[in-house]
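Every read-out reported here was derived from the displayed coordinates using simple, explicitly stated rules and does not represent laboratory data. Note that the structure is a prediction, hence the values are computed from the model and not measured. Using ideal geometry, Cβ is built from the backbone for each residue, glycine included, and neighbour counts are taken over all protein chains shown.
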């Protein structure tokens, strides 16, 4: 009986872990779809080519709203928001967006990385953390590198000379002291696990879990080397 009970718990946890990963992967796919289409309608109303180009650009506010909409399947309503150290689920969503270009020699370069999270947002999308970086995030699976073979940035990245790519990395983030609305802070408890520990990367006191990666070619004029404003 003890062995059977342990086995049942283990099967439960494996199913739970797969569900968490499936959810972050779905969020990444949803973000791709919205990024590719959110500015197309407003650009049709442009009177000039210059105005159209400006309207096509994806802004930080666009990304904040896309972030909130995409994560609704995991954090319904306002459950992605909270006041540290208490969040409704004890963790928050995190997205890192990378803009990649390629040289004439076929080398790939990260031009910028934009991080989005609700760690310091209490109630609405406008408060979402959205900062641009030109450095590596050591807890991520994607590497911020310049003039390297594409696979050095991410193993499945492929890019031809003169092309551009966007990489979206979605994950769940938890700081060790954070609690959920029930007062629980233990990682396994707030994730609904019995025995298995979730695969994670650790940076200082933060845990990053259920990484999902999507790579795509953005539609023309959505991004540039300066990054979203």
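Quick notes on this one:
- For residue 189 and residue 36, a Förster radius of 45 Å and the Cβ-Cβ distance give a FRET efficiency of 0.75, rounded to the nearest 0.05.
- Build a GNM of the chain with springs between Cα atoms under 10 Å apart, and of 44, 124, 146 the one that fluctuates most is 44.
- Likely footprinting exposure, 178, 112, fewest C-beta neighbours within 10 Å first: 112, 178
- Taking the chain as a Gaussian network of alpha-carbon nodes connected by springs under 10 Å, the highest mean-square fluctuation of the residues 92, 202, 142 belongs to 202.
- GNM on the chain, alpha-carbon springs under 10 angstrom: the most fluctuating residue among 72, 127, 105 is 105.
- Using the Cβ-Cβ distance between residue 55 and residue 196 with R0 set to 30 Å, the FRET efficiency works out to roughly 0.05.
- In the chain, the calculated helix contribution to ellipticity at 222 nm averages -9000 deg cm²/dmol per residue, counting -39,500 (n - 2.57) for every DSSP H run with n ≥ 4.
- Label selected from (i) 12.9; (ii) 14.1; (iii) 11.7, the criterion being mean projected area of the Cα convex hull in nm² as computed here: (ii)
- Extension reserve of the residue 161-residue 105 stretch, reckoned as 0.36 nm per residue once the Cα distance is removed: 19.5 nm
- The stretch 30-145: C-alpha gyration tensor shape, a/c 1.5 cut-off, then a/b vs b/c: oblate
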